[in-house]
Every structure is written in C-alpha cells, then in structure tokens.
C-alpha cells in the first residue's frame, strides 16, 4: 500500500495547480479560510488553556517521541507537543484538559491534525518539507517571545514572523525552517487542513487523508501517544 499511496500523493501534487480552490502559493490569507477569523477572535481563550498546559511543559512529549520519523528535525527535548488529534486518532485526555479549544477545533472543516507546537528557547528546526500537497498548514500564534526578529519561520526563501492572536497559513511542501533564538517558549496552535479541491480531486484527497490514519507511521505515533498519556496521568496522581 505504501508505494501506491506515495504515487497517489505525487499525483495530487501534480494536479493541485489545476484543482485547488485556494490556488497554488507559498502563503495563504485568512480570508480564504473563514474559520480562521473565529480562532483569532478566541485566541485568548485558547491561550488561557495553553497556560495551564505549560505548567507541565517539561513533562510534555518531544515530537520525535510521538512520531519517530521526525527524528531528523527533532532530536532533542526542545520541541514539545500537546496533541488533540491526528488523522482519526483523538487524545481524549488532552481534549478534556482544553475543552474550549476543542469546541473551536470541532467547527473547522477538513481538520486532520491539531496540537500545540511548543518550541523551547534556542530551538532550530532545520530545512525540511511536507510530502502531501493535499494539506494546508495553519498556525495560530499563542505565545511569541521577543525580540520578534529572533523568532521566525523561513518558507521557500521568504521570512515570516508570528504575531500573537494572528494566523499564519502556508503550504508546507515548500522547504522551510524555524528558529526560536529567544529566551522563552514559542507556541502555536498547529493545524493541518485538507486543501479545498474541486471534484474529483477532492474525493481523491479525502481518500488519501483517510488512508493515512491506517499507515504504520500514524499507528506507531498513536501507540506512543497513548503510552505517554498513561505516564502523564500517573504523574498527576
């Protein structure tokens, strides 16, 4: 199934310019995704729940501890995660800890992945790219340390900066890298959204995104996260 899925993903990539409802570009505007306005309007609600999570920052799982395939870009303890769901897997304990955030997430059409992405001071995520152009990457900036120019993302040679309460939307299949050269944590609400495509590519993309949940990569990540959940619950007792 792996080789077939890879070929379908490549096929989608070749057809995106023709079928993408939001066009083909590095960055997108929040006007192209109407639900983004609701997230921005409620960013402080989300931030309040994040602040409660951050009390346990050291105990949160490193990205590569959940998804081993991330080891090339996350091989230390400076990229922490707090997952809500990913390709059909839902972390019920984490969702219960952030109920208002989850209510907002549940209103987003095509949501495939959602988590708090937490970068510790000094973290650099090296140059890399996503492999599935059927997804759009979304960041809602929740905690952005100063100085701003030391906390940034570069995508396809273009530099962007996060602003608390504001959206940053981009195509992660373009090569990108991230720096947090500050003395504090940078946190975004990190989402992957099914790219709006015209039929029949919308159906092909829906099928691929559904299948991804059954791949070994996702199943391993699911098992690792469930193990962490149990350990975290024990720690809190």
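Summary of computed values
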| read-out | value |
| --- | --- |
| Pairwise centroid distance, computed over Cα atoms, of the stretch 183-200 with the stretch 79-130, Å | 9 Å |
| Among (1) 17.1, 54; (2) 18.1, 58; (3) 15.7, 42, the entry derived from the coordinates for Rg and Dmax of the Cα atoms in Å | (1) |
| Diffusion constant of the stretch 36-129 at 10 °C, which comes from Stokes-Einstein with the Kirkwood Cα-pair radius and 1.306 mPa s, µm²/s | 111 µm²/s |
| Expected 222 nm ellipticity per residue - DSSP helices of 4 or more, -39500 (n - 2.57), all of the chain, to 500 | -11000 deg cm²/dmol |
| Residue with peak Gaussian network fluctuation, the chain [Cα springs, cutoff 10 Å], from 82, 199, 115 | 199 |
| Gained length - residue 71 relative to residue 48, 0.36 nm times residue gap less alpha-carbon distance | 5.3 nm |
| Additional length obtainable on full extension of the chain from residue 211 to residue 184, 0.36 nm per residue less Cα span | 5.9 nm |
| Spacing of the two label points (7 Å from each Cα toward its C-beta) at residue 26 and residue 129, in nm | 1.3 nm |
| Separation in nanometres of the label points that stand 7 Å from Cα toward Cβ, at residue 13 and residue 90 | 3.2 nm |
| The chain - percent relative contact order, Cα under 8 Å, separation 6 or more | 27 percent |
| Full-extension gain in nm, residue 100 to residue 160, via 0.36 nm per residue minus C-alpha separation | 18.8 nm |
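Values in this text are rule-based calculations from the coordinates and carry no lab data. Please read all numbers here as calculations on a predicted model, not as lab measurements. For neighbour counting, all protein chains shown are included, and Cβ atoms are generated from backbone atoms with ideal geometry for every residue, glycine included.
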